[in-house]
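> The structure's right below; bear with me while I get my questions together.
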Ligand code: NI
């Protein structure tokens, strides 16, 4: 069966794994039902590439930010550079940014740069895409303090943490992990998260869902994640794709969603 309204809330098409056939792959995306992709930067170099892709393809959008794994050689004026890039009309968010305690990266530096990017997102009135790996406590401390409009990508926390995020107005995005055999937590979140706060993503080229696990992931594979999530929630896959597209457009402040909300209120 063919699906439509596949919105990939978080991907990295600048990754070298796509070097051989990137544009052929992206040229065929819409014919496979993909209606939107937010490509996330991890530093200034990739931020510029994300904007190039967003200029080339109507359905692609960019998030600009510094990933916690990319903080060596952080330029002193990186915030000014991000602010300038964020002025581009297809930059829809600041990200990806956050905390990663899996790797041995100085925590003070990570926390400072995450906090600075939260403040930047608030100043620019842009949503924030958050990476949280094995750093739930410190991530939540900062998010509770500033209350940005945030998406926790590849959410890996508990149901309790998810509920706290939802209470703070945040969104949760789930990727291929929902389909993994050992992913009891991701499955619980897929069942429990309020439907109006759920987004789907790939984090392509990584985290390919079953039956593609271990292979290079692309946005069309979201269908596998959607099928599993829809089955858990006892709903139709296309219905879930329709709703998660609407949620993504609401989270990223797309014009059509903003207009319909506006006209509904007046
Ligand atoms: Ni990512």
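The values are calculated or read from the model by the stated rules, or taken from the named source; none is laboratory data. Please read these numbers as outputs of a predicted model, since none were measured by experiment. Don't worry about glycine lacking a Cβ; one is built from the backbone with ideal geometry, like all the others, and counts go over all protein chains shown.
> Do we find that residue 172 is without any contact (Cβ under 8 Å) to a residue 24 or more places away in the chain and within 16 Å of the ligand (Cβ to nearest atom) in this structure?
Against the criterion (without any contact (Cβ under 8 Å) to a residue 24 or more places away in the chain and within 16 Å of the ligand (Cβ to nearest atom)), residue 172 does not qualify.
> Going by the conditions given, is residue 54 touching a helix residue (DSSP H, G or I) at 6+ places or on another chain (Cβ under 9 Å), within 20 Å of residue 83 (Cα to Cα) and assigned to a helix (DSSP H, G or I)?
Values: touching a helix residue (DSSP H, G or I) at 6+ places or on another chain (Cβ under 9 Å): no; within 20 Å of residue 83 (Cα to Cα): yes; assigned to a helix (DSSP H, G or I): yes.
No: the conditions fail for residue 54.
> So residue 148 clears everything in (1) buried (at least 21 other Cβ atoms within 10 Å of the Cβ); (2) in a helix (DSSP H, G or I) except one condition, right? Which one?
Only one criterion in (1) buried (at least 21 other Cβ atoms within 10 Å of the Cβ); (2) in a helix (DSSP H, G or I) is unmet by residue 148, namely (2).
> Given the criterion assigned to a helix (DSSP H, G or I), more than 16 Å from the ligand (Cβ to nearest atom) and either surrounded by 19 or more Cβ atoms within 10 Å (Cβ to Cβ) or under 18 Å from the mean Cα position of the chain (by Cα) (or both), identify the matching residue among 26, 79.
Details: 79 fails: either surrounded by 19 or more Cβ atoms within 10 Å (Cβ to Cβ) or under 18 Å from the mean Cα position of the chain (by Cα) (or both).
Matching residue, one of 26, 79: 26.
> Quickly run through region 100-138 and pick out the residues that are within 16 Å of the ligand (Cβ to nearest atom), in contact with a helix residue (DSSP H, G or I) (Cβ under 8 Å, 6 or more places away or on another chain) and closer than 23 Å to residue 194 by Cβ.
127, 128, 130, 131, 132 - these are the residues of region 100-138 that are within 16 Å of the ligand (Cβ to nearest atom), in contact with a helix residue (DSSP H, G or I) (Cβ under 8 Å, 6 or more places away or on another chain) and closer than 23 Å to residue 194 by Cβ.
> Let me ask you something else. How about region 30-57: which of its residues are closer than 21 Å to residue 225 by Cα and touching a strand residue (DSSP E or B) at 6+ places or on another chain (Cβ under 7 Å)?
Within region 30-57, the first condition is being closer than 21 Å to residue 225 by Cα, and the residues that meet it are 30-40.
33, 34, 35, 36, 37, 38, 39, 40, listed by residue number.
> In region 121-142, what residues are in contact with a strand residue (DSSP E or B) (Cβ under 6 Å, 6 or more places away or on another chain) and outside any loop (DSSP other than H, G, I, E, B)?
Of region 121-142, the ones in contact with a strand residue (DSSP E or B) (Cβ under 6 Å, 6 or more places away or on another chain) are 121, 126-133, 135, 138-139.
Passing the criteria: 121, 128, 129, 130, 131, 132, 133, 138, 139.
> List, please: which pairs have Cβ atoms under 6 Å, are six or more places apart or on different chains, and start with a residue in region 18-37 that is under 18 Å from residue 244 (Cα atoms) and end with one that is modelled with pLDDT under 95 and surrounded by fewer than 16 Cβ atoms within 10 Å (Cβ to Cβ)?
As it stands, the answer is none, since no pair meets every condition given.
> Quick one: how many residues across region 233-251 are within 16 Å of residue 129 (Cβ to Cβ) and in contact with a helix residue (DSSP H, G or I) (Cβ under 8 Å, 6 or more places away or on another chain)?
So the first thing to find is which residues in region 233-251 are within 16 Å of residue 129 (Cβ to Cβ), and the list is 244, 247-251.
Right, trim to in contact with a helix residue (DSSP H, G or I) (Cβ under 8 Å, 6 or more places away or on another chain) and you get 244, 247, 249-250.
Residues that pass the stated criteria total 4.
> Sticking with this one: Which one is surrounded by the fewest Cβ atoms within 10 Å (Cβ to Cβ), of the residues in region 119-133 that are farther than 13 Å from residue 152 by Cα, free of Cβ contacts under 8 Å to residues at least 40 places away in the same chain and under 18 Å from the mean Cα position of the chain (by Cα)?
Among them, the one singled out is 125.
> Within region 146-156, count every residue that is over 14 Å from residue 197 (Cα atoms), away from the ligand (no atom under 16 Å from the Cβ) and either touching a strand residue (DSSP E or B) at 6+ places or on another chain (Cβ under 8 Å) or in contact (Cβ under 8 Å) with a residue 60 or more places away in the chain (or both).
Number of matching residues: 1.
> Name, by its number, the condition in (1) more than 12 Å from the ligand (Cβ to nearest atom); (2) assigned to a loop (DSSP other than H, G, I, E, B); (3) crowded, with 16+ Cβ neighbours inside 10 Å that does not hold for residue 42.
It fails just one condition, (1).
> Of the residues 164, 160, 192, which single one is touching a helix residue (DSSP H, G or I) at 6+ places or on another chain (Cβ under 6 Å) and more than 16 Å from the ligand (Cβ to nearest atom)?
Values: 164 fails: touching a helix residue (DSSP H, G or I) at 6+ places or on another chain (Cβ under 6 Å); 160 fails: touching a helix residue (DSSP H, G or I) at 6+ places or on another chain (Cβ under 6 Å).
Result of the check over 164, 160, 192: 192.
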